[in-house]
Amino acid sequence: MSKLLDMLVARGMRQGLRGSTPWLAVGTLAWILRRSRSRRGPQPVWSEELAPGQAVVITHHVAPG
């Protein structure tokens, strides 16, 4: 979704500054949507309550090679 918004912002602003009012509106709207999505921050991938004594272990393994 973000690549689509990036493309619409770029094309909308480029065409809009050349005089195309509809493309300027599309670019502006796409910019506002992209901006509002980035302010929310990353969404959690997993969420669960831990009982007393439970733990979560996060590891990262480097690929061989």
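The values are calculated or read from the model by the stated rules, or taken from the named source; none is laboratory data. Because the structure is a prediction, the values reported are computed rather than measured. Note that each Cβ is placed from the backbone with ideal geometry, even for glycine, and that neighbours are counted across all protein chains shown.
Can you name the number of the only condition in (1) over 16 Å from the mean Cα position of the chain (by Cα); (2) at pLDDT 90 or above that Ile58 fails?
(2)
Aromatic (Phe, Trp, Tyr), touching a Lys or Arg at 6+ places or on another chain (Cβ under 9 Å) and surrounded by 10 or more Cβ atoms within 10 Å (Cβ to Cβ): is that true of Trp31 in this structure?
No.
Among the residues of the range 13-22, is any in a loop (DSSP other than H, G, I, E, B) and either among the acidic types (Asp, Glu) or surrounded by 10 or more Cβ atoms within 10 Å (Cβ to Cβ) (or both)?
yes
Cβ-Cβ distance below 9 Å, separation of 6 or more or different chains: which pairs start in the range 38-62 with a residue that is farther than 30 Å from Asp6 by Cβ and free of Cβ contacts under 8 Å to residues at least 12 places away in the same chain and end on one that is charged (D, E, K, R) and assigned to a loop (DSSP other than H, G, I, E, B)?
These pairs meet every condition: Val56/Glu48.
Here is a check on your reading of the model: is Met7 assigned to a helix (DSSP H, G or I), surrounded by 10 or more Cβ atoms within 10 Å (Cβ to Cβ) and in contact with a Gly (Cβ under 7 Å, 6 or more places away or on another chain)?
When the stated conditions are applied, Met7 does not pass them.
Does Pro22 satisfy the criteria of being out of contact with any Lys or Arg (no Cβ under 7 Å at 6 or more places or on another chain) and at pLDDT below 90?
For Pro22, the condition - out of contact with any Lys or Arg (no Cβ under 7 Å at 6 or more places or on another chain) and at pLDDT below 90 - is not met.
Given the condition surrounded by 10 or more Cβ atoms within 10 Å (Cβ to Cβ) and not small (Gly, Ala, Ser), answer yes or no: does some residue in the range 43-64 qualify?
There is no residue in the range 43-64 that is surrounded by 10 or more Cβ atoms within 10 Å (Cβ to Cβ) and not small (Gly, Ala, Ser).
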